[in-house]
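The values are calculated or read from the model by the stated rules, or taken from the named source; none is laboratory data. Computed from a predicted model, the values in this text were never measured in an experiment. Don't worry about glycine lacking a Cβ; one is built from the backbone with ideal geometry, like all the others, and counts go over all protein chains shown. Side chains included, ligands, DNA and RNA excluded: accessible areas come from the protein's heavy atoms. Shrake-Rupley method; radii C 1.70, N 1.55, O 1.52, S 1.80 Å.
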Amino acid sequence: ILDISNEHDKGTWARRTALWLCEDMLPFSVVSGNGFKKWMVRNNYVSEASQMSSNVTISQSALDDCYAIVMDAFKQKVSLSPTVITIVTDMWTSLSNQPYITLSIRYLDESLKLINIVATTEQLLHPHTGESISKSIDENLINIGLQDRQIVAVGDNGRNVVRIGPHTSGNVDKPGCLKQCKQYIRCLGHITHLVLQH
């Protein structure tokens, strides 16, 4: 049982709370609500609400620790991936006109179970060339320790994105911008969407 009046236990409580809020996709303001504070006091987790970490403290201190813990576990998991993996990319523009890219990793584990993990979603600054997209993907693969894997990439039909993998331009076969990408597959969902739109 944690003693939240103790600084060490208070830090542990903050990290556990941050993990809970992230896993359930709840706002950090939950811990500032009167109902939550009363629940903590009534269940004898704290003798008074002032002993609890605020939502600001949790987001500014514990969240970084949680990120490091989750990232270490993520790297450990994907380090067991086979030598050939599939990456799925998607790019979009937010309502505030900010461009983003998401990178998912997919592979079959040793028991042939499909593993599908969103590795990152980050802002992708202009220009959105095949080279800049490949650079973003390559940096993320290095960051999570998958730079030595061979890649099959899946993405939309954009000319810039298709350049990630080997492709034919005119009658000439060209290597892709992402060196370890051995094949690029155009996403059936995007193709269907384009057909239905037109």
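Would segment 145-168 turn up any residue that is surrounded by fewer than 13 Cβ atoms within 10 Å (Cβ to Cβ), within 21 Å of the chain's Cα centre (by Cα) and not in a strand (DSSP E or B)? Within segment 145-168, one or more residues are surrounded by fewer than 13 Cβ atoms within 10 Å (Cβ to Cβ), within 21 Å of the chain's Cα centre (by Cα) and not in a strand (DSSP E or B). Residues that are without any contact (Cβ under 8 Å) to a residue 40 or more places away in the chain and either of a type in the set (K, R) or open to solvent by less than 50 Å² (accessible area, probe 1.4 Å) (or both) were ranked within segment 42-53; the one that is farthest from K10 (Cα to Cα) is R42. Residues in segment 90-108 that are among the charged types (D, E, K, R) and at pLDDT below 90: D90 only.
Out of the residues in segment 56-85 that are modelled with pLDDT of 85 or more and surrounded by 18 or more Cβ atoms within 10 Å (Cβ to Cβ), which is farthest from C181 (Cα to Cα)? Filtering first and then ranking leaves V78.
Beta carbons closer than 7 Å, at least 6 apart along the sequence or on distinct chains, never pair a first residue in segment 180-192 that is hydroxyl-bearing (S, T, Y) with a second that is open to solvent by 70 Å² or more (accessible area, probe 1.4 Å).
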